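The values are calculated or read from the model by the stated rules, or taken from the named source; none is laboratory data. Computed from a predicted structure; not experimentally measured. Cβ sites come from the backbone with ideal geometry, for glycine too, and all protein chains shown count toward neighbours. SASA here: full protein model, heavy atoms, side chains in, ligands and nucleic acids out. Shrake-Rupley method; radii C 1.70, N 1.55, O 1.52, S 1.80 Å.
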Amino acid sequence: MRDTDGAWKRPRGQAWGNEAQRAVLHALAEDIARRSGHRVAVVEALRSDGNFEFVAIAGSPDGHEHLMGEATPLQMIDHMVAVGTHVDGWVHLPVDRIDSETRTFVDQYGHTPDVPEGDGPDGWHPEDLLFRLLTNGDGDLRAVLWLDEPHSGRRPTPEGIAGINAEVGAMYDAIVGIVERELYGEQVRMVTQARTAIRSVPPGLGLPDFLSRTRDAMVEAMAVDTVDVLLAGDSAPPLEGQQPVLEEHMRQVWLRRGHLVLEPDLSWGVTDTAVPTPPIMRDLMEQRGIASWLLVPIGLGEEYLGTMGLGRSADGPRWIDSEINAAAAVASDLAGVVVDARLIDRERALNAELRGLNDHRRDMMQTLAHELRNPVSVLFTHLELVAMEDRIEDARDSLAALGRATRRIEDMVEDLMALASVSDTDHDLLVDEVDVSELVRESTEFLAPTAAASHVEVSLDVEEGLVLPADGDGLQRMVTNLLSNAVKYTPSGGRVSVSVSRWVEDGHDGVRIVCSDSGIGIDPEEVQRIFEPFYRSRHAEARARPGTGLGLAIIERVVTRHRGSVRVDSTLGEGTTFTVWLPMAGPDDVR
C-alpha cells in the first residue's frame with residue numbers, strides 16, 4: 001500500500017466498534033500491561049476491509065494520541081511475522097532485524113517511544129517490536145496484541161514469554177470474543193433496523209416510489225443524513241458525462257464484493273490505497289452537505305444493478321464495520337427487490353404487448369372482413385343478375401363489376417402475401433447487386449399510363465449508377481407502392497416528383513429516394529399510424545380511393561429489413577413527401 005512516490009499511505013475508510021467496546025478493550029489492555037510486566041499494551045482489531053485498527057492503547061499517552069483509530073494494512077503484519085523470531089505464539093522483531101520496508105511501515109503506521117535503550121546485548125531497544133496474533137477457534141485472525149517498554153528493560157526470553165502466556169492467556173480469548181461480537185452483534189442489530197425500515201414501506205408501490213420511500217425510512221432508522229439509490233442505467237444529471245465511469249468503478253467493486261468511502265480529499269476502496277476524490281464527486285458532496293459518503297454496490301450474482309449511497313455531514317462519526325456490513329446486507333435485499341420489480345415490469349409489459357397484439361389481430365380481422373365483404377357482395381349480386389339475364393349482352397355491366405371486385409380481392413391477397421413475405425425475419429433476404437437508378441426509372445415508366453389517365457404530371461430526377469446490395473423484389477415492391485400511392489392520392493392536374501441521389505446518413509453512405517406529391521395530404525394525428533397494416537384514413541376524401549391499407553406497411557417493412565429509414569412529411573390539403581434512405585453497405589453491415 002504505497003503511494004506513487006513509494007511512501008506508505010495510511011488506509012482508511014471505516015472505524016471499528018463503538019465507545020463501549022473500546023472502553024472494555026482499553027481496560028483489558030491496561031490489565032495485560034500490568035500483569036505482563038510492560039508499560040504499554042496495544043490492541044489492534046481486524047476490520048472487514050482487511051486492515052487492522054488501533055482500538056485500545058494503554059500506558060502511552062503519546063501513542064494514544066498518535067495512533068488511536070488509525071488503520072494498518074494486514075499484508076505488512078504478514079511481512080513482520082515472516083521476518084520475526086517466533087516464541088510460543090509471540091513474534092519478536094529486534095531492531096537489528098528490521099529491514100527498510102518494515103522501518104518505513106513503522107514510521108508511517110507506528111509510534112516509537114522516546115525512551116533510552118536497555119543495557120547490554122539483551123537490552124530492550126525502543127524500536128524493538130513484540131506482538132501476538134489473536135485468532136478464534138477456527139484459526140481466523142481477529143486481532144493483534146502488542147507489548148512495549150518492558151519494566152525489566154530486557155528483550156523477551158522463552159521463560160518470560162511462557163510467564164506472560166500463563167498470566168494473561170485467558171485475556172486473548174476475551175479480546176477475540178469482543179471483536180467477533182462487534183462483527184456480528186452490531187451488524188445484526190443494524191441490519192434488523194434497516195430491514196424494519198424497508199418493511200415499513202407500503203406494498204404495491206412502483207419501483208421508483210418504493211426506492212424513494214425506502215430512502216426516507218432508512219435515514220430515520222440509521223445514523224445517516226442521506227440515503228441515495230442509483231440504479232444502473234438511470235439518469236443522474238449531476239453526474240452527467242461521468243456516470244458511465246462511476247458505474248464501471250462500482251461494477252468492479254461489486255465483483256470483488258467491496259465498498260467505497262469518499263471524503264472531500266481522498267477516497268478508499270478504489271484501489272489498495274487512498275486516491276484523490278474525483279472533482280465531480282467532491283463538488284456533489286459539497287452541494288449535498290456530505291463530508292463522508294459510503295457507496296455500496298447493489299448486485300446479484302455477477303450482475304451489477306446499482307449503487308446505494310449513505311452520507312454523513314462533517315460532524316458525523318466515521319463508518320464502522322457493522323454499519324458497512326449492515327449496508328451491504330440492505331443492498332443485497334434491495335437487489336432482490338429490484339430484480340423482482342423488473343420481472344413484474346417485464347411481465348406487465350409482455351401482458352400489455354400481448355393485449356396489443358390481440359387488439360391488433362382483432363382490428364386486422366375486422367378490417368379484412370370489412371374489405372372483403374364489399375367485393376364479395378358485389379360478386380354475389382352480379383352473379384344473381386347474370387343468372388336473370390336472357391342474353392349475354394345484357395350482362396355486360398354486371399360482368400365488368402364482377403371483374404372489378406375480383407381484381408380488388410386479388411390485390412388484397414397479393415398485398416397480404418407481400419406483407420407476410422417482407423415481415424418474415426426468419427428467412428434471409430435474397431441479396432444481389434441492384435441498380436436503384438434503373439429500378440426507379442422502370443417503375444416510373446410502368447406507372448406513367450396510370451398517371452396520365454388521372455391527369456397527374458410525373459417528373460423524375462435520377463442520379464445514374466447508384467448500385468447497392470439489396471433484395472431486388474422487395475425494393476421493386478417498395479418503389480412501386482411509393483409511386484402508386486402518390487399518383488392515387490393526387491387529384492387531377494396535380495404533380496408527383498421523384499428523385500434518387502447519393503446521400504450520407506449518420507456517417508454511412510447510402511441512396512436517398514424522395515417521392516413528393518401535391519395531393520390531399522395526411523392529417524397530423526394520423527401520420528404516426530400510416531405504417532400500420534390495414535390502417536385507412538378516416539377522412540372521406542382518402543377513403544373514396546380504393547386500397548387495402550397495406551401499401552405503406554409493406555414500404556416500412558422493406559426499408560426496415562434493409563436497415564434503412566423512411567420519413568414522411570405531410571400537410572393536409574397540400575401534399576406529402578416520403579423520404580427513403582438505404583445503406584450502400586447493404587442490409588447486413590449497418591448497425
(message) Among the residues of the stretch 5-15, are any assigned to a loop (DSSP other than H, G, I, E, B), out of contact with any Leu (no Cβ under 7 Å at 6 or more places or on another chain), assigned by the TED database to the domain that holds R132 and at pLDDT 85 or above?
(response) no
(message) Take the conditions within 25 Å of P73 (Cβ to Cβ) and in contact (Cβ under 8 Å) with a residue 12 or more places away in the chain and apply them to T307. Does it pass?
(response) no
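Suppose we filter the stretch 150-159 for residues that are farther than 12 Å from G89 by Cβ and either surrounded by 18 or more Cβ atoms within 10 Å (Cβ to Cβ) or outside the structural domain of N51 (by the TED database) (or both); how many remain?
Of the residues in that region, 2 qualify.
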(request) Out of the residues in the stretch 17-31 that are of a type in the set (G, A, S) and modelled with pLDDT under 90, state the one that is most open to solvent (accessible area, probe 1.4 Å). (result) A20
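Considering only the stretch 447-565, give the strands (runs of 3 or more DSSP E) lying wholly within it that have at least 2 residues that are touching a helix residue (DSSP H, G or I) at 6+ places or on another chain (Cβ under 7 Å), closer than 25 Å to P583 by Cβ and open to solvent by less than 30 Å² (accessible area, probe 1.4 Å).
Details: elements: 457-462, 467-471, 495-505, 508-517.
Hits in the stretch 447-565: 495-505, 508-517.
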(request) Being at pLDDT 85 or above and out of contact with any helix residue (DSSP H, G or I) (no Cβ under 7 Å at 6 or more places or on another chain) is the filter here, so list the residues in the stretch 315-337 that pass it. (result) A327, A328, A331, S332, L334, A335, G336
(request) Considering only the stretch 113-134, state which residues are surrounded by fewer than 16 Cβ atoms within 10 Å (Cβ to Cβ) and either touching a Phe, Trp or Tyr at 6+ places or on another chain (Cβ under 8 Å) or at negative phi (or both). (result) P113, D114, V115, P116, E117, D119, P121, D122, G123, P126
(request) Identify, by number, the condition in (1) touching a helix residue (DSSP H, G or I) at 6+ places or on another chain (Cβ under 8 Å); (2) within 30 Å of E323 (Cβ to Cβ); (3) surrounded by fewer than 18 Cβ atoms within 10 Å (Cβ to Cβ) that G137 doesn't meet. (result) (1)
(request) Return the only residue of T277, T307, T271 being among the β-branched types (V, I, T) and within 28 Å of V201 (Cβ to Cβ). (result) T307
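Do you know which of the residues in the stretch 164-183 that are in contact with a helix residue (DSSP H, G or I) (Cβ under 9 Å, 6 or more places away or on another chain) and open to solvent by 50 Å² or more (accessible area, probe 1.4 Å) is nearest to N136 (Cα to Cα)? Break it down stepwise before answering.
Step one: of the stretch 164-183, the residues in contact with a helix residue (DSSP H, G or I) (Cβ under 9 Å, 6 or more places away or on another chain) are 164-165, 167-168, 171-172, 174-175, 178-179, 181-183.
Those left that are additionally open to solvent by 50 Å² or more (accessible area, probe 1.4 Å): 167, 181.
On the way: E167: 19, R181: 12 Å.
Filtering first and then ranking leaves R181.
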(request) Report, by residue number, each residue of the stretch 186-222 that is touching a Ser or Thr at 6+ places or on another chain (Cβ under 8 Å) and within 30 Å of G137 (Cβ to Cβ). (result) E186, Q187, R189, M190
(request) With respect to A369, determine if the residue is in a helix (DSSP H, G or I), among the hydrophobic types (A, V, I, L, M, F, W, C) and modelled with pLDDT under 80. (result) yes
(request) Find all pairs meeting these conditions: Cβ atoms under 6 angstrom apart; at least six residues apart or on different chains; first residue within the stretch 286-302 and over 17 Å from V270 (Cα atoms); second residue open to solvent by 10 Å² or more (accessible area, probe 1.4 Å) and of a type outside the set (F, W, Y). (result) G289/S313; A291/S313; A291/A314; L300/V339
(request) Scan the stretch 253-278 and report the pairs whose first residue is free of Cβ contacts under 8 Å to residues at least 12 places away in the same chain and whose second residue is assigned to a strand (DSSP E or B) and open to solvent by 50 Å² or more (accessible area, probe 1.4 Å), with Cβ atoms within less than 9 Å and a gap of 6+ or a chain change. (result) V275/L266; P276/L266
(message) I'd like to verify a number: residues in the stretch 83-124 that are closer than 24 Å to D173 by Cα and either out of contact with any helix residue (DSSP H, G or I) (no Cβ under 8 Å at 6 or more places or on another chain) or not assigned by the TED database to the domain that holds G17 (or both), how many?
(response) 2
